[in-house]
Every structure is written in C-alpha cells, then in structure tokens.
Amino acid sequence: MKLAGVKVIELSLFLPGPHLTMMMADHGADVIKIEPYEGGEPVRHIGPKEDGETVYFRNTHRGKRSLRLDLKHAEGREILMRLAERADVLVESFRPGVVDRLGVGYAPVSARAPQLVYCSISAFGQSGAYRDRPAMPAVPASDMGASLMALSGILMALLKQRATGQGDYLDIAMHDSLLAWTANVMGPVFAEGRSPVAKQERTWGGNAFYNLYQTKDGEWLALGASEHKFAENFLAKAGRSDLAPYAHKQPGEQGPLIAYLRQLFREKTRDEWLAWLDGVDVAYAPVRSLKEAIDDPNTRERGMLLVDERGRQHLGVPIKFAREPAEPVLRAPGFGEHSNEIVKSVGYGDTDIARLRAERVIG
C-alpha cells in the first residue's frame with residue numbers, strides 16, 4: 001500500500017486528527033494512538049454503541065494501535081520522545097500552548113527527531129488574535145476541512161522528508177480550512193466589497209436550476225443543472241422552453257423560473273419525478289436521509305459501505321488507487337490494548353513495564 005512503512009503518532013482527539021490518521025492507516029501506515037491515561041479518547045463514549053464500542057470510535061480509529069499514556073509524567077514524555085525518534089509523523093490537536101507546557105511541543109521533539117513531520121490542528125491556528133479561542137460549535141465541516149488540509153500538508157512534507165531527511169512543522173486551523181473553501185462565493189466580497197445576499201447567489205438559492213424543490217409527497221429533489229444546456233433540456237421536456245431565457249439571467253433575477261419550478265415539482269411525488277427525469281441530460285438527485293443514502297445500492301457498489309466479520313457496518317475508503325488500493329482493517333483497538341508491545345519497541349523491558357503500570361504511566 002502507498003503508506004506502508006510510514007509511522008504515525010497520533011495525539012489528537014475527536015474528529016479532525018483521528019479521521020486523517022485513520023485514512024493513513026487504511027493505506028498502510030502504522031498509526032499509534034496515544035490516549036490520555038484518564039478516560040482515553042472521548043469518542044469511545046459518544047453516540048450509539050454496538051458490542052460495547054461506539055460507531056463514532058470505530059469509524060475514526062480502525063486499524064490503529066492504542067497506547068494509554070500519562071504525558072504529565074516525565075517518563076510518559078520520555079516514551080513519547082523515543083517513539084518520535086522512530087516516527088515519520090506526529091499529529092496533535094491540543095489547544096495552542098498545551099503541548100509546550102507539557103514539554104512535547106515542536107521544539108523539544110524536533111531536537112530529538114529532526115525527521116518528524118509535526119502537525120498541529122486547532123480551531124484558529126497557533127498565531128493570531130483568536131489563537132486561544134476554542135473550536136467553533138456545531139460546524140463539523142471545519143473539522144473535516146482541517147482533516148483533509150492536514151492530510152494534504154503531511155503528504156507534501158513527507159515527500160520532502162524522503163528526499164532530504166528533514167521534517168517540518170505544520171500549523172492547520174479549522175477556520176483557515178473553511179475560508180479556503182469559499183472561493184466560489186467570494187465574488188461580492190472581493191470585487192464589490194459587500195457580503196453575499198444568500199438567496200441571490202448561484203449556489204445558495206438564486207439560480208433556478210441550482211436549487212432544492214419540494215415534491216407532492218413532502219420529499220425533496222436537488223437540481224444542480226446551472227449550465228444552460230441542462231436547463232434547456234429540462235424545460236424542453238416540460239414543454240416550457242419559453243422560460244429558458246430566465247435561466248440565462250444572473251442569479252437573483254430568475255424569480256419567475258424559480259416560482260414555476262416550485263409549483264411544477266409539487267405536482268408529482270419524488271419517485272415519479274425520478275422516473276420522469278430518467279434519461280434527461282440534467283444534473284439532479286433526490287434529497288435523501290442519511291439512512292437512505294447508506295442503503296442506496298450505489299454506496300455499496302462504490303465500496304463506501306463495508307461490513308466486518310461480526311456484521312458491523314463501516315464507512316468505506318474514498319481514496320481509491322488502481323494500484324495498491326487501501327486495505328482497511330475493520331477493527332478498532334481496545335483502550336491501551338497495545339501499550340506493552342509499543343513500550344517494548346522503544347527499549348523498555350518487562351520489569352520496566354510492570355513498574356510503569358504500577359506508577360500509572362502506562363495502562
């Protein structure tokens with residue numbers, strides 16, 4: 001697999017870091033999850049469980065090894081340092097300043113592990129006026145945006161590391177990641193010095209053929225057909241080609257066409273509209289519940305629904321290579337399951353391990 005031989009230390013919690021390191025594990029990386037001695041990874045306890053394990057945890061931690069470690073203890077920090085000396089990547093998501101107070105920030109770690117790509121993920125980054133603010137509430141897109149930005153940055157740094165042997169420090173902010181995704185709606189801000197008016201923007205409701213419409217049965221259909229040819233194809237079949245000129249107008253000027261489509265879609269059920277649209281060269285899709293989306297046969301055909309030997313469901317791998325495809329291990333680690341073997345790998349013997357357990361450094 002593409003990342004076979006890459007060693008990753010994960011100090012992050014919740015979603016952004018665990019998600020990106022799981023994607024690395026899916027493609028062959030050896031990921032060591034360092035869990036807080038008290039309580040472990042919080043998502044072990046968030047949401048519905050199957051067989052004593054949360055769905056959230058198994059879909060962010062499969063294929064990893066778990067080390068229960070107290071980083072407030074000097075020997076716990078020494079274990080981390082020894083792991084870092086042997087690793088390629090370290091990912092942490094503490095609030096800015098915490099790793100420095102613990103003594104495991106980039107400066108001391110890189111002094112012993114100059115090859116390490118050290119990635120910090122936080123709400124607003126390691127600098128700036130909002131540095132010390134906590135993450136934004138109820139915006140999981142920021143978590144996932146940061147996860148993907150961090151993965152991209154880590155892989156870039158690994159390319160350089162392979163050529164030079166030198167690691168780097170990567171500062172990823174959730175807020176930055178969200179802002180970087182807004183290029184398609186920045187026109188009014190950059191060109192006209194004003195905020196967008198949502199319902200007049202192409203992607204937020206101002207375009208008739210880039211919109212949501214409720215059907216007769218209370219369900220919804222999404223049109224993504226903002227190109228003129230798609231609008232013309234739809235209106236031709238509907239017998240209303242006379243309305244096509246409205247589709248050529250600027251978003252916010254298509255009111256009559258939007259009103260027509262709203263009325264039209266209320267005349268049939270969602271399934272009747274899907275049958276009517278079948279074969280028409282128009283971008284459209286039913287708006288489905290999350291359960292309906294998972295149950296759609298296409299989800300399984302694309303490998304995005306995986307089932308383990310115990311019959312439990314897992315989200316699939318979205319990065320699909322023709323050569324060396326991912327081989328996800330559909331099992332998440334128990335809390336501290338691999339502590340002994342991991343600590344042994346950095347030079348501690350059985351007597352040391354017994355002492356470390358007694359002193360509650362590892363668990």
Sum of -39500 (n - 2.57) over DSSP H runs of 4+, divided by residues of the chain (222 nm, nearest 500): -11000 deg cm²/dmol
Proximal charge balance of Arg270 [Cβ under 15 Å; K/R count +1, D/E count -1]: -3
Span per principal axis, largest first, for the Cα atoms of the chain (Å): 83, 51, 37
Label-point gap, in nm, between Ala74 and Leu274 - each point 7 angstrom along Cα→Cβ: 6.5
Protection proxy ranking, peptides 200-213, 279-292, average beta carbon neighbours within 10 Å, highest first: 200-213, 279-292
Under the Karplus curve 6.51 cos²θ - 1.76 cosθ + 1.60, θ = phi - 60°, whole-Hz ³J(HN,Hα) for region 158-170, x wherever Gly or Pro sits: 5, 4, 5, 4, 5, 7, 10, x, 9, x, 6, 10, 10
Rounded to 10°, Cα long-axis angle of helix 74-85 versus longest principal axis of the chain: 70
More than 22 Å apart - percent of Cα-Cα pairs taken over region 84-178: 28
Under the Karplus curve 6.51 cos²θ - 1.76 cosθ + 1.60, θ = phi - 60°, whole-Hz ³J(HN,Hα) for region 35-51, x wherever Gly or Pro sits: 9, x, 4, 8, x, x, 5, x, 6, 4, 10, 10, x, x, 10, 10, 6
Fully extended contour minus Cα-Cα distance, from Arg262 to Ala180, at 0.36 nm per residue: 26.2 nm
Gaussian network model of the chain, Cα within-10 Å springs - most flexible of Ala74, Ala198, Ala141: Ala198
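Values in this text are rule-based calculations from the coordinates and carry no lab data. Just so it is clear, the model here is predicted, and its values are computed rather than measured. We place every Cβ from the backbone using ideal geometry, glycine too, and count neighbours over all the protein chains shown.
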